[in-house]
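**Student:** Quick one: the structure is below, and I'll ask about it shortly.
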Amino acid sequence: MNRRLKLIVWLGALSLALPATVCAQRFNARDIMRAQQQGRGNELYGSNPYEQTDEEEDGQQNPQDTTKEEKRIRKPLESYFFSDSIRALNNFQWNLRRGYNRVEIQPLDTTLTDWRIDYPFYREGVGDIAQGGLGQASLPLNYFRRPQDFDFEFASPYYAYIYTMENVPFYNAKRPLLRLTYIESGQKRFREENFNIMHAQNVSPTTGFNVDYKSRGTRGQYLWSRTKNHNLSVAVSHTGKRYAVHAGFFNNHIEKQENGGVVGAWAIADTTFEMPSGVPTKLADAKAQNTYRNNAFFVTQSYGIPLQRMTESDFSMAGLSAVYIGHSFEYNSWSKVYSDIRAPYTNERDHRNPDGSFEPAEYEYYKDWYIDPSRTRDSLYERVISNRFFVQAQPWDRNGVVGTIDAGIGIDLHTYSQFHLTGYLSGRYDKVSETSYFAYGAVGGKIKKYLDWDANLKFYPSGYRGGDLTIGGHLSLMGLLRGHPLILEGSFTMERRSPNYWQENLFSNHYVWSAPLGKENETRFEVKFEVPDYAFEAGAWFGFVDNKIYYDADSRIAQSDGNVSLTSVYARKDFRLGGLHLDHRALLQWSTSQEVVPVPLLSAFLSYYYEFWAVRNVLRLQIGLDGRYHTKYHAPGFNPALSAFYNQREIEVGSYPYVDLFVMAKWKRMRIFLKYQHLNKGLFGEGAYFSAANYPLNPGMFKIGISWGFYD
């Protein structure tokens, strides 16, 4: 056994043995509001007064048998992770913040508020550039919401689906919680299916486990577009007074047929096919396909040492001076296999002849075939083993002016594998190992409920990413106007980051490059103002990035030689007139270089619906319309071999409203889903219903489904 492997095994074993507390957080007004939204209307700002909590639906709990009280006394949930208002909830959910003694409270998905939005990439802001159906690739329209932390960048187009260490859910459930969801649409051979089963249970007030499995995908409305997206997480947590541990396993598996998009926009805008499966696509005959596999395990622990003597009146350590020591370990492996066979496609309307007739032309999707001129099988593999040791000081109490001071060190062991020409025929991989070392720290605090602040720093002094640096800060101010909270937030981030391995080294049948790239330098500012009780939010981002790395019009890796400035302005306002809801989200964006960072000038999401009790306290209904729109621009295309969005410059996409009609219902613990997607197909708009270049959105189809929760 070599030294590196011994080190890995030793650190992994240490992560299981070292006492530690993962994640605790300072509690501010936002956390409390988010927690209070869990059983009511899970709206972004404010709660829906017409939604019932689970307690209201279930009635009063059964009286306890006081004769057995002494035998049944259990230690309460005393963790400093959670405030009193959060502990009082029957069920609540949180995510882990790796390397820092923090958690982030999340609302439970049990209400009607966003139930109608079944595509996960449409739930934030104005949504994403979408490749088409459920389970397929997407990219946020808002540049400042695009994922930045995917080292295995080939998985980033599926960010809305896949589990990571920071989005695996943990639950505290006073009663066992089981939720089943199933939604389907379309004819059987083109069916889109969305299935989810989740079970969470506590074996004590401080210890619980949960299993969450999601299966989402489509059999393909268009030719050769079948997609399977399976995601599983299994998590265990113990959140005691001093010691806590969070551990989890997650698996992401994606199988996707790649059709390369339609042969031309005319196939959607100017021609009517009897079925969407008749629309000609570029890679259908090539049988192109991607398969992604991901397995990961993590464990994060910490242990709290009070610096003051604890008394019986100290319910938790949150109000005492204390020090926490901890360790976080993660093993994460990804693989991707892309295959195709050489098969040209024909564009029947390539150009017009002088007499006005169309002239066809034959093309090949890929220009180069470096390894095999007839077929492709590109296999890539990446593994990261990460260890972090951290210390957190709590000088006075957790909610003090200086609430916590964090410091940590880490080591990441990277392994990259791919075929090179010498090993392609023999089936041998070329492996590259890299090691990165880093140190990080943070400080934060608050003044009562009116001010919350923090600052952080992370630096790689040497190794694989030597010289990388991140500096950030955040400030939140809260005031009251006639009893209504007003929240003003500002944040700042400055980052110097190295290109990832695959941006500098790739050997495949269609694309080959091996050249060093410069570090990207990016600075971002964000300001946001919220009035939760009036469902109002306005925000602005400004950023500039130097040496931006991107995929150019030929899908080749490229790096800008100048500075690109980006500005985004976002606003949300929801109006209520009795049961009538008029919800508006709008985003304006400007980029100084559309060739490097293309963005539409205007993007919008509008939702108009009426919500009412059909049967008082039993059946509640929503009936309405959702609409999405963005102005024309050179939207990115998607390259299957690279699993990446690239900046094509041939066609403009946009100026098409995409409208859905929905009827949603909540009957006791069951939610019912009825939707006709793309209601306006063939009725209005220019007919070119594209979001990503050459990839049409789904045509009109009816969806039906249910979600049923069990709490005992």
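**Student:** Being within 30 Å of residue 222 (Cβ to Cβ) and not in a loop (DSSP other than H, G, I, E, B) is the filter here, so list the residues in the stretch 122-146 that pass it.
**Tutor:** Taking the stretch 122-146 and keeping what is within 30 Å of residue 222 (Cβ to Cβ), we get 122-143, 145-146.
Hits for the stretch 122-146 are 122, 128, 129, 130, 138, 139, 140, 143, 145.
**Student:** Answer yes if at least one residue in the stretch 462-479 is in contact with a helix residue (DSSP H, G or I) (Cβ under 7 Å, 6 or more places away or on another chain) and part of a strand (DSSP E or B), and no otherwise.
**Tutor:** Looking for residues that are in contact with a helix residue (DSSP H, G or I) (Cβ under 7 Å, 6 or more places away or on another chain) and part of a strand (DSSP E or B), one finds at least one in the stretch 462-479, hence yes.
**Student:** Follow-up. Could you give me the residue pairs with C-beta distances under 7 Å whose first residue belongs to the stretch 209-225 and is farther than 13 Å from residue 182 by Cα and touching a residue at least 24 places away in the same chain (Cβ under 8 Å), whose second residue is among the basic types (Lys, Arg) and part of a loop (DSSP other than H, G, I, E, B) wherever it lies, and which are 6+ apart or on separate chains?
**Tutor:** Pairs that qualify, where the first residue is farther than 13 Å from residue 182 by Cα and touching a residue at least 24 places away in the same chain (Cβ under 8 Å) and the partner is among the basic types (Lys, Arg) and part of a loop (DSSP other than H, G, I, E, B), are 218/226; 219/191; 219/226; 220/226.
**Student:** Moving on. Can you list the strands (runs of 3 or more DSSP E) lying wholly within the stretch 635-709 that have 3 or more residues being free of Cβ contacts under 8 Å to residues at least 40 places away in the same chain?
**Tutor:** Ranges flagged: 658-667, 670-677.
**Student:** Collect the residues in the stretch 659-707 that are within 24 Å of the chain's Cα centre (by Cα) and among the aromatic types (Phe, Trp, Tyr), keeping them in residue-number order.
**Tutor:** 673, 690, 695, listed by residue number.
**Student:** Select the strands (runs of 3 or more DSSP E) contained entirely in the stretch 204-260, then report the ones holding at least 3 residues which are of a type in the set (Ser, Thr, Tyr).
**Tutor:** Strands (runs of 3 or more DSSP E) meeting the threshold: 207-218, 227-239.
**Student:** Would you mention how many residues in the stretch 268-296 are touching a helix residue (DSSP H, G or I) at 6+ places or on another chain (Cβ under 9 Å) and within 30 Å of residue 330 (Cα to Cα)?
**Tutor:** Matching residues across the stretch 268-296 total 3.
**Student:** Regarding the stretch 570-578, can at least one residue be identified that is crowded, with 19+ Cβ neighbours inside 10 Å and either touching a residue at least 60 places away in the same chain (Cβ under 8 Å) or over 30 Å from residue 496 (Cβ atoms) (or both)?
**Tutor:** There is at least one residue in the stretch 570-578 that is crowded, with 19+ Cβ neighbours inside 10 Å and either touching a residue at least 60 places away in the same chain (Cβ under 8 Å) or over 30 Å from residue 496 (Cβ atoms) (or both).
**Student:** Please determine, by comparing only the residues of the stretch 431-469 that are touching a residue at least 60 places away in the same chain (Cβ under 8 Å) and not small (Gly, Ala, Ser), which one is farthest from residue 102 (Cα to Cα).
**Tutor:** Out of the qualifying residues, it is 432.
**Student:** Test each condition in (1) crowded, with 20+ Cβ neighbours inside 10 Å; (2) part of a loop (DSSP other than H, G, I, E, B) for residue 264 and report the one that comes out false.
**Tutor:** It fails just one condition, (1).
**Student:** Just checking, does the stretch 624-635 include any residue being more than 25 Å from the chain's Cα centre (by Cα), surrounded by fewer than 20 Cβ atoms within 10 Å (Cβ to Cβ) and more than 30 Å from residue 530 (Cβ to Cβ)?
**Tutor:** The answer is yes, given that some residue of the stretch 624-635 is more than 25 Å from the chain's Cα centre (by Cα), surrounded by fewer than 20 Cβ atoms within 10 Å (Cβ to Cβ) and more than 30 Å from residue 530 (Cβ to Cβ).
**Student:** Further question: Just one of 537, 489, 530 is in contact with a His (Cβ under 8 Å, 6 or more places away or on another chain) and either assigned to a strand (DSSP E or B) or not charged (D, E, K, R) (or both); which is it?
**Tutor:** That would be 489, the only listed residue that is in contact with a His (Cβ under 8 Å, 6 or more places away or on another chain) and either assigned to a strand (DSSP E or B) or not charged (D, E, K, R) (or both).
**Student:** Here's something else I'd like to know. Please tell me if residue 128 is out of contact with any strand residue (DSSP E or B) (no Cβ under 7 Å at 6 or more places or on another chain) and among the acidic types (Asp, Glu).
**Tutor:** So residue 128 does not fit the description; no.
**Student:** Taking the stretch 267-291 as the search range and keeping residues that are touching an Asp or Glu at 6+ places or on another chain (Cβ under 8 Å) and not in a loop (DSSP other than H, G, I, E, B), which one is nearest to residue 162 (Cα to Cα)?
**Tutor:** The qualifying residue nearest to residue 162 (Cα to Cα) is 291.
**Student:** Could you list, in sequence order, the residues of the stretch 613-647 that are in contact with a Gly (Cβ under 9 Å, 6 or more places away or on another chain) and small (Gly, Ala, Ser)?
**Tutor:** Of everything in the stretch 613-647, those that are in contact with a Gly (Cβ under 9 Å, 6 or more places away or on another chain) and small (Gly, Ala, Ser) turn out to be 635, 637.
**Student:** Counting just the residues of the stretch 147-163 that are at pLDDT below 95 and part of a loop (DSSP other than H, G, I, E, B), which one comes out surrounded by the fewest Cβ atoms within 10 Å (Cβ to Cβ)?
**Tutor:** Of everything passing the filter in the stretch 147-163, 149 is surrounded by the fewest Cβ atoms within 10 Å (Cβ to Cβ).
**Student:** Could you list, in sequence order, all residues of the stretch 181-223 that are surrounded by fewer than 15 Cβ atoms within 10 Å (Cβ to Cβ) and within 20 Å of residue 702 (Cα to Cα)?
**Tutor:** 187, 188, 189
**Student:** While we're on this one: Which of the residues spanning the stretch 179-199 are over 9 Å from residue 705 (Cβ atoms) and in a strand (DSSP E or B)?
**Tutor:** 179, 180, 192, 193, 195, 196, 197, 198, 199 - these are the residues of the stretch 179-199 that are over 9 Å from residue 705 (Cβ atoms) and in a strand (DSSP E or B).
**Student:** How many residues are touching a residue at least 24 places away in the same chain (Cβ under 8 Å), surrounded by fewer than 13 Cβ atoms within 10 Å (Cβ to Cβ) and among the hydrophobic types (A, V, I, L, M, F, W, C) when one looks only at the stretch 470-480?
**Tutor:** The qualifying residues number 0.
**Student:** Do you know which residues across the stretch 80-121 are over 29 Å from residue 456 (Cβ atoms) and outside any loop (DSSP other than H, G, I, E, B)?
**Tutor:** Passing the criteria: only 91.
Here's the yes/no breakdown for (1) over 30 Å from residue 641 (Cα atoms); (2) surrounded by fewer than 16 Cβ atoms within 10 Å (Cβ to Cβ); (3) among the hydroxyl-bearing types (Ser, Thr, Tyr); (4) touching a residue at least 12 places away in the same chain (Cβ under 8 Å):
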position	(1), (2), (3), (4)
501	no, no, yes, yes
506	no, no, no, yes
513	no, yes, no, yes
517	no, no, no, yes
521	no, no, no, yes
524	yes, no, no, yes
528	yes, no, no, yes
532	yes, no, no, yes
535	yes, no, no, yes
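**Student:** Looking at the stretch 390-412, which of its residues are crowded, with 22+ Cβ neighbours inside 10 Å and not in a strand (DSSP E or B)?
**Tutor:** Result: 398, 403.
**Student:** Can you tell me how many residues in the stretch 668-687 are in contact with a Lys or Arg (Cβ under 8 Å, 6 or more places away or on another chain) and either surrounded by fewer than 19 Cβ atoms within 10 Å (Cβ to Cβ) or more than 11 Å from residue 116 (Cβ to Cβ) (or both)?
**Tutor:** 3
**Student:** Within the stretch 349-379, can you find the residues that are in a loop (DSSP other than H, G, I, E, B), at pLDDT 95 or above and surrounded by 13 or more Cβ atoms within 10 Å (Cβ to Cβ)?
**Tutor:** 364, 365, 366, 369
**Student:** Specify the residue that is farthest from residue 659 (Cα to Cα); the eligible residues are those in the stretch 571-628 that are assigned to a strand (DSSP E or B) and touching a helix residue (DSSP H, G or I) at 6+ places or on another chain (Cβ under 9 Å).
**Tutor:** Checking each candidate, the answer is 591.
**Student:** What is the one condition in (1) crowded, with 17+ Cβ neighbours inside 10 Å; (2) of a type outside the set (Val, Ile, Thr); (3) over 22 Å from residue 233 (Cβ atoms) that residue 308 does not satisfy?
**Tutor:** Residue 308 satisfies every listed condition except (1).
The values are calculated or read from the model by the stated rules, or taken from the named source; none is laboratory data. Just so we're clear, the structure is a prediction, and the values are computed from it rather than from any experiment. A quick note on method: Cβ atoms are made from the backbone with ideal geometry, for glycine too, and the neighbour counts reach across all protein chains shown.
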